[in-house]
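Asks: Handing you a structure now.
Each reported figure results from applying straightforward, stated rules to the coordinates on display, with no laboratory input. For clarity, every value in this text was computed on a predicted model and none was experimentally measured. Note that each Cβ is placed from the backbone with ideal geometry, even for glycine, and that neighbours are counted across all protein chains shown.
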Amino acid sequence: MSNVINLDDVLATKQDLTYKGETYTFRFSDKTRHALGDAWVKANAYAKQLASDDEGADDIEKKPVEDQLAFVRDALNKEHEIVMEFFVQTIGKEKADKLYSDLDQSTDGLFFVLGLVKRASDKAIKDAQDAEYPAFDGNEDND
């Protein structure tokens, strides 16, 4: 009985996504996990800030139209910065810009891809944890 576990068979360490003929490779490294975590934390913190009593939706509706438009534009710009930062850190600026361009400059499209990367990363670990491994064959200490 072999006690060799072939990690190639059970653990994915990257995910390729293709779009409009371009391949984007996301490696499930600590760098990617940090960038992914940063993007989620920043996006959630920003969403909470938008909903706060100081500048929440109820308060912004009481402001002049130009202030409301500026508020919405600022929110969209911040969302874009957050998600682009993830892609620049993980696939590089050139590929991040290409992906954004190919998605018809859609930050919502980038958020969708970000979600796919997160799901693929989470699934890689879950699949490895759920895989069947050979039984331990007695190489334990006999002290």
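Asks: With each pseudo-label sitting 7 Å past Cα toward Cβ, what's the residue 105-residue 30 distance in nm, one decimal?
Replies: The modelled label-to-label distance comes out at 3.8 nm.
Asks: For residue 120 and residue 75, FRET efficiency with R0 = 30 Å and r from the beta-carbon atoms, rounded to 0.05?
Replies: 0.60
Asks: Indicate the gyration tensor shape class of the stretch 1-44 (rounded, prolate or oblate), computed on the Cα atoms with a ≥ b ≥ c the square roots of the eigenvalues: a/c under 1.5 is rounded; otherwise a/b larger than b/c is prolate and the rest oblate.
Replies: The shape class here is oblate.
Asks: Now a separate question. Just check the stretch 56-99 against the gyration tensor rule for me: Cα atoms, a ≥ b ≥ c as the square roots of the eigenvalues, rounded for a/c under 1.5, and otherwise prolate or oblate depending on whether a/b exceeds b/c.
Replies: Prolate.
Asks: Between residue 60 and residue 93, what is the label-to-label distance in nm when each label sits 7 Å out along the Cα-to-Cβ direction?
Replies: Going by the 7 Å Cα→Cβ label model, 2.9 nm.
Asks: Then there's this: Compute the label zone of residue 85 within the stretch 25-40: residues whose backbone N is under 15 Å from the point 7 Å along Cα-to-Cβ.
Replies: 32-40
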